[in-house]
Amino acid sequence: MVEFEKSLKTVFKTGKVIIGSKQALNLTKAGKAKMVILSSNCPENVKKNIQNYSQISKIPVYISTFHSKDLRRICGKPFNVSAITIRDIGDSDILKLVKSDVNRD
């Protein structure tokens, strides 16, 4: 998980990231995301909606083991973070990291 945290911080520094579940839903509907990361305590209805639209748009969704309070800390935000939409990964290897993590399960 340390690698994931480091990769996520790199995305914030070098890529383009949008925070919020409404934005994540809108961007997955439009097919304008590279990836969506959801907190472990993201509301079930939000999670299902984002997952449904991401399947249609073929956008990977990663449900992290981090609580929204942990994602808040990682993102450096003063509010809880349930959804992170990555539009551009920048210099990060987060897509490879997440794919390898999913394959381990």
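Quick notes on this one:
- The residues in the stretch 11-37 that are outside any helix (DSSP H, G or I) and either closer than 14 Å to residue 55 by Cβ or of a type in the set (Lys, Arg) (or both) can be counted, and the count is 7.
- Scope the stretch 64-79; condition exposed (fewer than 15 other Cβ atoms within 10 Å of the Cβ) and not aromatic (Phe, Trp, Tyr); matching residues: 65, 69, 73, 76, 77, 78
- Residue within the stretch 85-105 that is among the β-branched types (Val, Ile, Thr), over 12 Å from the mean Cα position of the chain (by Cα) and closer than 18 Å to residue 18 by Cβ present: no
- Of all residues in the stretch 30-59, those that are of a type outside the set (Val, Ile, Thr) and buried (at least 17 other Cβ atoms within 10 Å of the Cβ) total 9.
- Number of the condition not met by residue 96 [criteria: (1) touching a Ser or Thr at 6+ places or on another chain (Cβ under 7 Å); (2) free of Cβ contacts under 8 Å to residues at least 40 places away in the same chain; (3) closer than 19 Å to residue 3 by Cβ; (4) surrounded by fewer than 15 Cβ atoms within 10 Å (Cβ to Cβ)]: (1)
- Tally of residues being charged (D, E, K, R) and at pLDDT 90 or above across the stretch 78-105: 2
The values are calculated or read from the model by the stated rules, or taken from the named source; none is laboratory data. What you are looking at is a predicted structure, and each value in this text was computed from that prediction instead of being measured. Using ideal geometry, Cβ is built from the backbone for each residue, glycine included, and neighbour counts are taken over all protein chains shown.
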